[in-house]
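Reading through the structure tokens given below for one structure.
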Amino acid sequence: PKTDPTVAAVVEGFLSDAAGRVKPKTLETYRHFLTPFGKAFGKRIATTLTAPEAEQYGRKPTWGNSTRHDFLLAA
């Protein structure tokens, strides 16, 4: 039986695909934001993650508006 992908699997697949098609700096930015995001929500089935949950993750008190913006672009 086919299982639905986890958030970690989707992030890993995206980063793997991006490695062959984006500039190194862009890939570094994607990895910077998406690797910890993938760890935070990793075991969840990807289709159960909501946009408000992803946005809430980006509301870290140590992040300024620019960092939050960059995260949301990557996510």
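Quick rundown of the values:
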| item | result |
| --- | --- |
| Cβ-based charge dipole, the chain, positive-most Cα from 51, 30, 73 | 30 |
| Helix-only mean residue ellipticity at 222 nm for the chain, each DSSP H run of n ≥ 4 adding -39500 (n - 2.57), per residue, nearest 500 | -20000 deg cm²/dmol |
| Protection proxy ranking of 4-15, 63-74 - average other beta-carbon atoms within 10 Å, highest first | 4-15, 63-74 |
| Residue with peak Gaussian network fluctuation, the chain [Cα springs, cutoff 10 Å], from 59, 21, 31 | 21 |
| Nearby lysines by direct alpha-carbon distance to residue 2 (threshold 29 angstrom, same-chain neighbours under 8 apart not counted) | 39, 43 |
| Percent RCO, i.e. relative contact order, over the chain, from Cα pairs under 8 Å lying at least 6 residues apart | 41 percent |
| Nearby aspartates and glutamates by direct alpha-carbon distance to residue 60 (threshold 17 angstrom, same-chain neighbours under 8 apart not counted) | 70 |
| Choice from 50, 62, 35 showing the highest fluctuation, given a GNM over the chain with Cα pairs closer than 10 Å | 62 |
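Rule-based calculations on the coordinates, nothing more; no lab input. This structure is a prediction, so every number in the text was calculated from the model and none was measured. Ideal geometry is used to build each Cβ from the backbone, glycine not excepted, and the neighbour counts take in all protein chains shown.
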